[in-house]
Amino acid sequence: MTMGNEPVVIELKDGRVYMLARTEAGRLYESYSPDGISWPPLQPSRFIGTDAPAAFLRLPDDRILLFWNGCEKPPRVGKDGVYGGRDIVHAAISDDECHTWRGFREV
């Protein structure tokens, strides 16, 4: 089971709550809650990413903007060496309440 950390949530127009959580599995994981209290298990999302949190922003026109670190983790350098993967921020936008995303860009 993949554990999610540092979840980010956004309330959708139909009252559900959408969550993305960082993981160490190489991608963000997602879940939809009917009420923001009970949550189905996290599932892999389409967003490749490191173990960095994401961020949502609802725009005045109701589209949803997502920011995340859309890059893979580099290999460790030595036993305790450099480890990162938070060096590129990506953005995408949804005009259908997080069902589909477009405009994937490095910011």
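Here is a check on your reading of the model: is P40 open to solvent by 30 Å² or more (accessible area, probe 1.4 Å), at pLDDT 95 or above, in contact with a Ser or Thr (Cβ under 6 Å, 6 or more places away or on another chain) and outside any strand (DSSP E or B)? Steps first, answer last, please.
On the way: open to solvent by 30 Å² or more (accessible area, probe 1.4 Å): yes; at pLDDT 95 or above: yes; in contact with a Ser or Thr (Cβ under 6 Å, 6 or more places away or on another chain): yes; outside any strand (DSSP E or B): yes.
Judged against the criteria, P40 is a match.
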Mind checking which residues of region 12-54 are over 12 Å from the mean Cα position of the chain (by Cα) and under 23 Å from V89 (Cα atoms)?
-> E24, A25
Quick check, is S31 polar (S, T, N, Q) and under 26 Å from C71 (Cα atoms)?
-> yes
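I need the full set of residues from region 16-36 which are among the small types (G, A, S), outside any strand (DSSP E or B) and open to solvent by less than 40 Å² (accessible area, probe 1.4 Å), in order please.
Going residue by residue through region 16-36, those that are among the small types (G, A, S) are 21, 25-26, 31, 33, 36.
Next, from what is left, pick out any that are outside any strand (DSSP E or B): 25-26, 36.
G26, G36 - these are the residues of region 16-36 that are among the small types (G, A, S), outside any strand (DSSP E or B) and open to solvent by less than 40 Å² (accessible area, probe 1.4 Å).
The values are calculated or read from the model by the stated rules, or taken from the named source; none is laboratory data. Owing to the predicted nature of the structure, the values given are computational and were not obtained by experimental measurement. Note: ideal-geometry Cβ built from the backbone for every residue, glycine included; neighbour counts use all protein chains shown. SASA here: full protein model, heavy atoms, side chains in, ligands and nucleic acids out. Shrake-Rupley method; radii C 1.70, N 1.55, O 1.52, S 1.80 Å.
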